[in-house]
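Here is the structure we will look at.
Readers should treat all values here as calculations from the given coordinates under stated rules, not as data from a laboratory. These figures come from a predicted structure and were not determined experimentally. FYI the Cβ positions are ideal-geometry reconstructions off the backbone, even for glycines, and counts take in every protein chain you see.
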Amino acid sequence: MVKSKKKWIFLYVITFFLIFIYSTNKLDSEDKEFEKEIEKIEYQLDYITTYSEDFSPYNDNVMETATDGEVEEEKMIYLTFDDGPSSVTPKILEILKKYDVKATFFVVSGDNKYKEYIKQMYDDGHTVGVHSDCHEYKKIYSSVDAFLEDFTKCYDIIEKITGKSPTIFRFPGGSINNYNKSTAKDIINEMNRRGFAYFDWNVDSGDATGKLSAEEIYNNVINGVKGRKRAVILMHDSAAKSTTVDALENIIIKLKEDGWQFSSLNNKVKPMIFRIK
Ligand code: ZN
């Protein structure tokens, strides 16, 4: 604690020093690089408690270690549920408990009236990760600062409810989407610097698009995992996803029959992320 305080005092001193030099030397306003550095230090100083307590070992070279799932782990399934909690969450938790499956929930805080289920997710041994507070793509991907502001709200709420600060997150819309073309790299670099690990997916249940039947969701998952050594499966536990709940039990039964094991994600799990071209 003392050590990190010192670090912040040091960063503050550096910032004021740079601003001082900047104003006294009347540096050429064309010096965009310098301005950029100042800007970076500014957003690094904001949200000063938003750091992962436990750094991911992959953060230094996350782009290089990114895989599409072909790692040495054998037959490992990571079920992930985004956008909850909601009224369907207790049912999902019940099914997971019945089959002793640990999963990962990337939660939305905002004005979510089902936030108390986050406690049960955690108490049941699942991983709770940050998804978003407002889940508005345009807003959160407008800048590193905007992303951090939204992330920190959700992070703080999870910490308050569970007593543990989250170390992993999932980008709304995935790490590469139509809203973050100009900001993705900077946001990823800053989140890596803060020690957080993020996960995309390599199997999409398809439950985000329209109203799929339970059978369609089941088929998407079962066909999606074929030929893989591990699978991070994208599902949703937002209120409209009743067919996801209907499909879940049969998905777990079938995958267990086929010899798959289940685990929750954490920051020691090798990244499963989309590559930035
Ligand atoms: Zn989402």
With +1 on the Cβ of every Lys and Arg and -1 on the Cβ of every Asp and Glu, and nothing else charged, how large is the dipole of the chain about its Cα centre, in debye rounded to the nearest 20? 420
The extension gain from Lys254 to Phe274, computed as 0.36 nm times the residue separation minus the Cα-Cα distance, is 4.5 nm
Among Leu265, Leu212, Leu234, residue whose mean-square fluctuation peaks in a GNM of the chain (springs only between Cα atoms under 10 Å): Leu212
Binned at 5 Å from 0, what are the whole-percent values of the Cα-Cα distance distribution for the stretch 127-277, short to long? 2, 9, 17, 19, 20, 16, 11, 6, 1, 0
So which aspartates and glutamates pass the test for Lys97, namely a Cα distance under 19 Å, with those fewer than 8 places away in the same chain ruled out? Asp82, Glu116, Asp123, Asp124, Asp237, Asp246, Glu249, Glu257
Cβ-derived FRET efficiency at R0 35 Å, Leu18 paired with Thr162, nearest 0.05: 0.40
Output the 0 to 90 degree angle, nearest 10, between the alpha-carbon long axis of helix 89-98 and the longest principal axis computed from the alpha carbons of the chain. 60
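Tell me whether the stretch 147-218 comes out rounded, prolate or oblate; compute the Cα gyration tensor, take square roots of the eigenvalues as a ≥ b ≥ c, and use a/c under 1.5 as the rounded threshold. List each step's numbers first, then the result.
Values: a/c = 2.40, a/b = 1.42, b/c = 1.69.
Here the stretch 147-218 falls in the oblate category.
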Projected area of the stretch 184-238, taken from the Cα convex hull and averaged over every viewing direction, in nm²? 5.4
Gly129's amide H: which non-local residues (gap 5+, or another chain) put their own amide H closer than 5 Å, with H modeled 1.01 Å from N in plane and none for Pro or chain starts? Phe105, Phe106, Val107
Gaussian network model of the chain, springs between alpha carbon atoms under 10 Å - residue of Thr104, Thr80, Thr209 with greatest fluctuation: Thr209
Going out from 0 in 10 Å bins, what whole percent of all Cα-Cα distances in the chain drops into each bin? 6, 28, 33, 20, 8, 4, 1, 0
Name the most mobile residue of Asp258, Asp237, Asp186, meaning the one with the largest mean-square fluctuation, in a Gaussian network model of the chain with Cα contacts below 10 Å. Asp258
Degrees separating the helix 2-24 axis from the principal Cα axis of the chain, which is the longest one: 50
What are the lysines whose alpha-carbon lies under 17 Å from the alpha-carbon of Lys40, with same-chain residues fewer than 8 places away excluded? Lys7, Lys32, Lys185
